[in-house]
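The values are calculated or read from the model by the stated rules, or taken from the named source; none is laboratory data. Note that the structure is predicted; figures quoted are calculated from it, not measured. Every residue, glycine among them, receives a Cβ derived from its backbone with ideal geometry; neighbour counts consider all protein chains shown. Heavy atoms of the whole protein, side chains included, go into the accessibility calculation; ligands, DNA and RNA do not. Shrake-Rupley method; radii C 1.70, N 1.55, O 1.52, S 1.80 Å.
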Amino acid sequence: MGGFEDDEPPSKRARPSSVESASLDGFCYSKSVNPLGGTMARPLTSQGKEVMVGSKGVIKKDEFVRIITKALYTLGYEKSGAVLEEESGITLHSPLVNLFRKQVLDGNWDTAVATLYKLGLLDENTVKSAAFLLLEQKFFEHLRNDNLMGAIKTLRSEISPLGVNRRRVHEMSSCIISSPQNVLLAFSKLGTETCNSRLKLLEELQKVLPPTVMVPERRLENIVEQALTVQREACYLHNSIDGLSLYVDHHCGKDQIPSRTLQVLRAHRDEVWFLQFSNNGKYLASSSNDKSAIIWKVDEDGELLLKHILTGHEKPVMMVAWSPDDRQLLTCGMEEAIRRWDVESGECIHVYEKPGFGLMSCGWFPDGKQILAGLSDQTLCLWDLDGKEANCWKGQRSSKTSDLAVAKDGELIISMSRDCTILLFNRDTKQESLIEEEDTITSFSLSEDGDFLLVNLVNEEIHLWNIRNEPSRVRQYTGHKRSRFVIRSCFGGSEQAFIASGSEDSKVYIWHRATGDVIETLSGHSGAVNCVSWNPTNPHMLASASDDHSIRIWGLKKASAKRKDVGSSSSSNGAHMNGSASTNGNGFVHQCNGSRSK
């Protein structure tokens, strides 16, 4: 592209609560029936008095069976849970705990408190916290039943003497002196105005009482989730679209990294300088030295089809920027004007110009109601969509590769400052902080979470900066080539775990973000690769733009995949496909004549 020095820049019967049925009247079952034949139990090892299961002998059998039983009840499989308790001889709860639970559900608060003290809990604070929950429910049920004296007595004689949760006690006191309407509002705020309030109370008690007394809610699910999380975090090349399976251990190989050319898009007639996927991943926009921008649509099969060619700029189009809702697109001509386009129709909605000055860069504010532009006089300007200038900041910017970005909160504005400096400006506090490099900065890219900045330098290095608080450099990436042109890089892949960049040696480089290791080098272009963009919703799709007038779409290596070429820069009549493509038997997409949107 233009030289940097040359100023170119997812139950069957799910239940609403975890409370198991207290009884299963009339239910009959047959014990010790194994539909597969033979015994299902494997030999068990013992560790002292504990019977252990599992290949490593570290899982206590009674705990294992109890959390499975709990999971069955939670999923609504009450008969199966009861069978497991009977067959294993391991009960989910002791008879005393079952009595306690029944008393809670029946609203027998005095006997429930008495039973609580018989559970043999050693921690006095735990007993008091559980008693508070029981008496709090008793208090509010008195109020709900218009038993004001009962509520006052409960608060003064039973709750207050516990000496816990003073703030909550004050809130309860205020309910007594409030009007009935305020009392009902208090019920809502305190989470007790529901027909299932006693069920919710049991859930709260499960959080307070030791797990040996009452098995925590969804414990089995939590254990499985923890195991899957550990596997995912340990997967060095994790880039999978599908969720992790419980059937096998998780592992991603390089086959999950997009490294095969699936399409070559050739609708541009000159060097392609910039490209970017939309936020929803359904479109790709590209801009070129041919003074045009193109909107490509990603169809359901992952194939890109030409939607609109956007013409009207008098100079090369430096960059594009998608609106937050992806319904509009900004295009910025080199030291010229910014145009706003309707993505669906391809019509130009507005042209933004500042007499006497050229516009160098553009971006959207998160609300989609304002745009930001970098001017050739080193100024940043904020415009309303109708073109009204809302604000301008005059800074020390001097580089004409004046990239800019706005954080998701709309407060932090990031822009090029001096050749080796990036300015971080907070609109609300007016505070400024700087990223200072030793070499000239050519471009930068903001991470999806807004906490990290990827900075490209003239010395063939890419630096990763943490800008969450005080800017700090955390990683660098090397191996790509850059001597004359502006080369752009991007975050990408699952959870943005990878870094990709163009290169002047006609290749695309992919690094592991956390380690800085080069994991793939993609060949196929015949000219400098100026820009790359990773589809934010499909970690298996990467796009690259090159001086060879083409865009390459990279995907996974599959034996059945055939490369498809769209458009032709050597077309005799210069017409470009718009909207659809025709394919012949050899798998190559050929050009279709169609209308051009301006």
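Okay, here's what the table says:
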{"read-out": "Some residue of segment 303-313 being open to solvent by 40 Å² or more (accessible area, probe 1.4 Å) and either over 27 Å from His512 (Cβ atoms) or in contact with a helix residue (DSSP H, G or I) (Cβ under 9 Å, 6 or more places away or on another chain) (or both)", "value": "no"}
{"read-out": "Test: residue in segment 473-483 that is under 24 Å from the mean Cα position of the chain (by Cα) and farther than 23 Å from Lys254 by Cα", "value": "yes"}
{"read-out": "Given (1) open to solvent by 70 Å² or more (accessible area, probe 1.4 Å); (2) modelled with pLDDT under 90; (3) of a type in the set (D, E, K, R), number of the condition Glu171 does not satisfy", "value": "(1)"}
{"read-out": "Residue check, Cys362 under 13 Å from Glu314 (Cα atoms) and either aromatic (Phe, Trp, Tyr) or crowded, with 20+ Cβ neighbours inside 10 Å (or both)", "value": "no"}
{"read-out": "Segments classed as strands (runs of 3 or more DSSP E), wholly inside segment 463-538, with at least 2 members that are buried (at least 22 other Cβ atoms within 10 Å of the Cβ)", "value": "489-492, 498-501, 508-512, 529-534"}
{"read-out": "Qualifying residues in segment 40-64 (those that are in a strand (DSSP E or B) and either modelled with pLDDT of 85 or more or over 25 Å from Arg218 (Cβ atoms) (or both)) - the one most open to solvent (accessible area, probe 1.4 Å)", "value": "Gln47"}
{"read-out": "Search result, residues across segment 433-462 that are small (Gly, Ala, Ser), open to solvent by 10 Å² or more (accessible area, probe 1.4 Å) and more than 23 Å from the chain's Cα centre (by Cα)", "value": "Ser433"}
{"read-out": "Arg232 vs. criteria out of contact with any strand residue (DSSP E or B) (no Cβ under 7 Å at 6 or more places or on another chain), surrounded by fewer than 20 Cβ atoms within 10 Å (Cβ to Cβ) and at pLDDT 95 or above", "value": "no"}
{"read-out": "Residue count, segment 176-196 (criterion: modelled with pLDDT of 55 or more, exposed (fewer than 14 other Cβ atoms within 10 Å of the Cβ) and assigned to a loop (DSSP other than H, G, I, E, B))", "value": "2"}
{"read-out": "Top-ranked residue of segment 235-273 - restricted to ones that are of a type in the set (Phe, Trp, Tyr) and open to solvent by 20 Å² or more (accessible area, probe 1.4 Å), ranked as nearest to Ser288 (Cα to Cα)", "value": "Tyr236"}
{"read-out": "Among (1) out of contact with any Lys or Arg (no Cβ under 9 Å at 6 or more places or on another chain); (2) assigned to a loop (DSSP other than H, G, I, E, B) - the single one Arg418 does not satisfy", "value": "(1)"}
{"read-out": "Strands (runs of 3 or more DSSP E) fully within segment 282-354 counting 1 or more residues that are at pLDDT below 95 and closer than 22 Å to Ile487 by Cβ", "value": "317-322, 328-333"}
{"read-out": "Residue match in segment 116-129 (condition: in contact with a Gly (Cβ under 8 Å, 6 or more places away or on another chain) and within 30 Å of Asn165 (Cα to Cα))", "value": "yes"}
{"read-out": "Test: residue in segment 320-331 that is β-branched (Val, Ile, Thr) and open to solvent by 10 Å² or more (accessible area, probe 1.4 Å)", "value": "no"}
{"read-out": "Some residue of segment 370-379 being part of a strand (DSSP E or B), open to solvent by less than 50 Å² (accessible area, probe 1.4 Å), modelled with pLDDT of 90 or more and of a type outside the set (A, V, I, L, M)", "value": "yes"}
{"read-out": "Close pairs (9 angstrom Cβ cut-off, 6 or more residues apart or separate chains): closer than 14 Å to Glu437 by Cβ in segment 463-476, exposed (fewer than 12 other Cβ atoms within 10 Å of the Cβ) and of a type in the set (Gly, Ala, Ser) anywhere", "value": "Trp465/Ser472"}
{"read-out": "First in segment 215-237 and closer than 17 Å to Tyr247 by Cβ and assigned to a helix (DSSP H, G or I), second anywhere and among the acidic types (Asp, Glu) and open to solvent by 90 Å² or more (accessible area, probe 1.4 Å), Cβ under 7 Å, 6 or more apart", "value": "Gln231/Asp249"}
